[in-house]
Amino acid sequence: MKVLKFGGTSVGSARRMKNVVSIISGGEPKIVVLSAMAGTTNSLVDITRCFYRKEVDEANKIITRLEQAYAGHIEDLYTSVAYKEKALELVTERFNEIWAFAGAPFTVFDEKMVLAQGELISTGMMHLYLQELGMKSALLPALDFMRINADGEPDMSYIEEHLGKLLSRFPDTDIFITQGFICRNAYGETDNLQRGGSDYSASLIGAAVHASEIQIWTDIDGMHNNDPRVVNHTAPVRQLNFEEAAKLAYFGAKILHPFCIRPAKESNIPVRLLNSLQPDAPGTLISNTAEKGRIKAVAAKDNIVFIKMKSLNILPPHKFLSTVFDTFARYKTAVDMVTTSDIGISVTTDNPEHLQEIVGSLEKYATISVEKDMVIVCVVGDLEWQNVGFEARIIDALKDIPVRMISYGGSSSNVSLVMKSADKTRALQALSSRLFPKPDETEAIGA
């Protein structure tokens, strides 16, 4: 069995939904994970903001626009009057669910119920369309099997057990439709896996059913070797190992959710990134296989804060380090990069929520400087320290760009550099010119 996830742009119109059906038809049994139709989740977020502010009239405008958009999709997707009516009834029911929250005090739990409606609509519409075509499919409600525990982590034993029971009800079915992103929490409430979580849903489902492959279908041909929004002539990377893909996802490659890789890696299930608009394109294969001696790609992570702490020597060095990290942990603030010296430590984070409290706790032990509006540029590939020369090529590419911090050694698959956000585009372009001189291939490290 394969697991196929289609993002919002892949199901963003009737024409694209029909294209998805052509992709999922035939072959081995498959579970199809769908996001909300493109633009829906953003509109639902806007609606929740209106509900929080009790701006019912503004919410009504957004809901009306969204309902009208869905009416158009339904008219274009279905052929028969009967299925058009069924689809309109489905959409009306979902929007009535949203409207039920308009008059009462609005809570974060209500917000998650509203945000779940996009995936419930897209999967319901797809299931109805498959029925109209006479194809045998089953709709698997994600809220019946996808659950996170009290720590917000997936409850894999629960997912495996309940998904297995659902699948066993349909022994002669080859296509199963389910929602990405949404789940229940440990208390049975509707929750979600955060934005981009449909990739995570697909990976968790793949691990639960021991899938032969997980496919992530988007509107781009695989993972590119740089950001095509700011660099010309980027090229798809045809093969990545799990660690390389995880680094690229974490450090800014938008095509893949950062959490997606872990369940697939732990179950050794290959992940293939494919283009729903060009189904015959080879895409990117992510697996345990590593290509030796190659720099694969560059990614950038925005909205980084750089924090430099110079010890006042009140604490011994080992105690100073532990105090720093204990403080970040106490405020549940993750650190992306770390460099240390005999008297100081520098770190970066993308979460400034508790930065003031962290600095306040540590300034009795250190002189602290904070620099905002920074970016991490990450170079990924087989960067084992024995592969002589890759450091020089990276530094040479950035010789005219001021670099605030460099990190290497924690992983043999990436070198990370901190710089001002204003230098991001210039840095990505310079790295592409030096590391990937030909648009159709990556360059060997020793070249």
Q | Between the range 253-324 and the range 379-415, the Cα center-to-center distance that results, in Å | A | 15
Q: Report the FRET efficiency, 1/(1 + (r/R0)^6), for E97 and D280, where r is their Cβ-Cβ distance and R0 is 41 Å, rounded to 0.05.
A: 0.55
Q) By how many degrees, 0 to 90 and rounded to 10, does the Cα axis of helix 81-99 deviate from the longest principal axis of the chain? A) 50
Q) For F325 and V45 in the same chain, what is the full-extension length gain: residue separation times 0.36 nm, less their Cα-Cα distance, in nm? A) 97.4 nm
Q) Where a Cα-Cα gap under 19 Å defines reach, which aspartates and glutamates qualify for K296, not counting those fewer than 8 residues away within the same chain? A) D221, D227, E243, E244, D382, E384, E391, D396, D440, E441, E443
Q) What are the lysines whose alpha-carbon lies under 27 Å from the alpha-carbon of K332, with same-chain residues fewer than 8 places away excluded? A) K112, K247, K254, K265, K301, K308, K310, K319, K364, K372, K420
Q) Restricting the count to DSSP beta bridges whose residues both fall in the chain, what percent are antiparallel, rounded to a multiple of 5? A) 60
Q) If R0 is 60 Å, what FRET efficiency do you get for A150 and S433 from their C-beta distance, rounded to 0.05? A) 0.75
Q. So how much slack lies between E291 and L312, counting 0.36 nm per residue of separation and subtracting their Cα-Cα distance, in nm?
A. 3.0 nm
Q: Arrange the residues W99, W217, W385 by how much accessible surface each exposes, largest first, with a 1.4 angstrom probe.
A: W385, W99, W217
(Q) Please enumerate, by chain and number, the aspartates and glutamates with C-alpha under 20 Å from the C-alpha of K54, excluding those fewer than 8 residues away in the same chain. (A) D46, E97, D110, E111
Q) Label T367 and A334 with points 7 Å out from Cα along Cα→Cβ: what is the distance between them in nm? A) 3.3
Q) How high is the relative contact order of the range 99-165, in percent, counting Cα pairs under 8 Å that sit 6 or more residues apart? A) 17
Q) Once every DSSP H run of n ≥ 4 in the chain is given -39500 (n - 2.57) and the sum is divided by its residues, what mean residue ellipticity at 222 nm do you get, rounded to the nearest 500 deg cm²/dmol? A) -12500 deg cm²/dmol
Q: Divide, for the range 157-231, the radius of gyration over alpha carbons by 2.2 N^0.38 Å, where N is the residue count.
A: 1.37
Q | Options Y200, L77, P105, ranked by Cα towards positive dipole end of the range 75-215, top entry (Cβ charges) | A | L77
Q | Among [x] -0.41, -1.24; [y] -0.46, -1.10; [z] -0.32, -1.18, the entry derived from the coordinates for log10 I(q)/I(0) by the Debye sum over Cα atoms at q = 0.07, 0.13 Å⁻¹ | A | [x]
Q. So how strong a dipole does the chain carry about its Cα centre when Lys and Arg Cβ are +1 and Asp and Glu Cβ are -1, to the nearest 20 debye?
A. 700
Q: With a point put 7 Å past each Cα toward its Cβ, work out how far E85 is from V108 in nm, to one decimal.
A: 4.4
Q. Roughly how many Å is it from the Cα centre of the range 130-189 to that of the range 3-54, as a whole number?
A. 16
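The values are calculated or read from the model by the stated rules, or taken from the named source; none is laboratory data. Keep in mind that what you see is a predicted model, and the values were worked out from it rather than measured. As a convention, Cβ positions derive from the backbone with ideal geometry for all residues, glycine included, and neighbour counts pool all protein chains shown. Ligands, DNA and RNA are excluded from the accessible area calculation, which covers all protein heavy atoms including side chains. Shrake-Rupley method; radii C 1.70, N 1.55, O 1.52, S 1.80 Å.
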